[in-house]
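Data block below; observations after.
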Amino acid sequence: MAVYTEISDADLAAFLADYDIGEVVACKGIAEGVENSNFLLSTTVGTYILTIYEKRVRSEDLPYFLNLMEHLAARGVRCPTPIRGTDGETLHELNGKPAAIVSFLQGLCVKRVQPHHCRSLGGALARMHLAGQDFPMYRPNDLSVDGWPALLDAVGERADEVAPGLYAELRDELAELQSAWPRGLPEGVIHADLFPDNVFFRGDEVSGFIDFYFACNDLFAYDLAVCLNAWCFEPDDAFNATKARALLSAYGEVRPFQPGEVEALPVLARGSALRFLLTRLYDWLNHPPDAYVAPKDPREYIHKLRFHRGVRGPGAYGVT
Ligand SMILES: Nc1ncnc2c1ncn2[C@@H]1O[C@H](COP(=O)(O)OP(=O)(O)O)[C@@H](O)[C@H]1O
Ligand SMILES: N[C@@H](CCOP(=O)(O)O)C(=O)O
């Protein structure tokens, strides 16, 4: 489960002394998640999420993530809102690590994605992109094309333990993506990790987004490429163009596509597949045998990468 750091009652009490959110009723570790330690915190005042930031999150990036959630929430995007301590700050320290409390968001993740979920997601994503346009902070996407060579080096030839010949395939893929990567398309704040476990629904409609800890400034269409991979493949690995069309057309109704964005989707989808393949490969090959969190299977993303490499254009995603 995703609790890398245990908290003693005394440490929790000392931490909460800096907040004005009542007395603790319960604090339970949350099994879901991969990156950070999350706790469901109930107090006499309300329910919150307490997060201790772990391995991949750099503490200098935390003000970007926390301020972004405040910014988006203030513009009507449903997402967790950081709770300020009595010192006015949202970021504090627990067990020597950065930690924050955010509001609890109602809703459930979908287990079986249907086209109407993709349609609701597309509209909500476009509204989030528009709401982020006047966010004043900037954070480059360190897990995009300029960051992939270091990630691939960190994996190295051990990639072949997962699939024979994979390292050479990924080196070729990286070289192609470096020369084909689109420049100059519309950009702004993107979520960059909008998988089904980070989107809450009430009924058929998106009720909110969580987990902004990969958010950054990058191409808007790259966020759609992440969603094509995370939402539009079936459990048997088949690509579902109906879901893709629902996602993309709903997005375009709220934020109309600019020239070049739709055409760039195949290469962006390859890039997004490579990004998640590389981090999954790294975690798969380097996780300690007694780790709480089971690493995600990288092979799923080998298949997705090969699929997008084979498409002839955005028509494969149901759009032109
Ligand atoms: N603000 C929130 N409101 C409700 N549940 C949340 C909230 N933040 C996190 N969770 C719960 O905690 C789980 C893990 O959170 P997530 O941010 O995805 O973790 P990680 O960054 O470690 O991957 C989510 O799947 C969800 O169940
Ligand atoms: N979505 C990533 C892993 C990051 O996990 P999250 O729980 O922070 O979304 C993947 O699937 O590889």
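Values quoted throughout were computed directly from the atomic coordinates according to the rules given, and no laboratory measurement underlies them. If you're wondering where the values come from, they're calculated on a predicted model, not measured in any experiment. Please note: Cβ atoms are built from the backbone with ideal geometry, for glycine as well, and neighbour counts cover all protein chains shown.
For the reader, a short list of remarks on this structure follows.
- Fraction of antiparallel bridges per DSSP, the chain only, in percent to nearest 5: 95 percent
- Förster-model FRET efficiency, 25 Å R0, SER42 and ALA294, C-beta, rounded to 0.05: 0.35
- Kirkwood hydrodynamic radius over Cα pairs of the chain, then Stokes diffusion coefficient at 37 °C and 0.692 mPa s, in µm²/s: 160 µm²/s
- Helix axis angle, 115-131 relative to the chain longest principal axis, alpha carbon, degrees: 70 degrees
- Packing-based ranking of 255-261, 241-247 yields 241-247, 255-261, ordered from highest to lowest mean Cβ neighbour count within 10 Å.
- For segment 115-317, the dipole from Cβ point charges (+1 on Lys and Arg, -1 on Asp and Glu) about the Cα centre works out to 520 debye, to the nearest 20.
- Positive contributions from Lys and Arg (+1) and negative ones from Asp and Glu (-1), summed over other residues with Cβ under 11 Å from the Cβ of LEU268, come out at -2.
- Near VAL262, no amide H atom lies under 5 Å from its own; only residues 5 or more places off or on other chains count, and H is placed 1.01 Å from N.
- Sequence-distant contacts, meaning Cα pairs under 8 Å at least 6 residues apart, place the relative contact order of segment 43-197 at 23 percent.
- Springs between Cα atoms under 10 Å define the GNM used for the chain, and in it the highest mean-square fluctuation of HIS117, HIS303, HIS287 occurs at HIS287.
- Burial order of peptide ranges 89-99, 185-195 (average beta-carbon count within 10 Å, highest first): 185-195, 89-99
- In a DSSP loop and with at most 13 other Cβ atoms within 10 Å, the trypsin sites (Lys or Arg not before Pro) in segment 248-320 are ARG312.
- Summed side-chain charge close to ASP11 - residues other than ASP11 whose Cβ falls under 15 Å, Lys, Arg +1, Asp, Glu -1: -3
- Label reach from GLU253 (point 7 Å along Cα→C-beta): in segment 172-211, no amide nitrogen lies under 11 Å.
- Total formal charge among the other residues, if their Cβ is under 15 angstrom from that of GLU176, Lys/Arg +1 and Asp/Glu -1: +2
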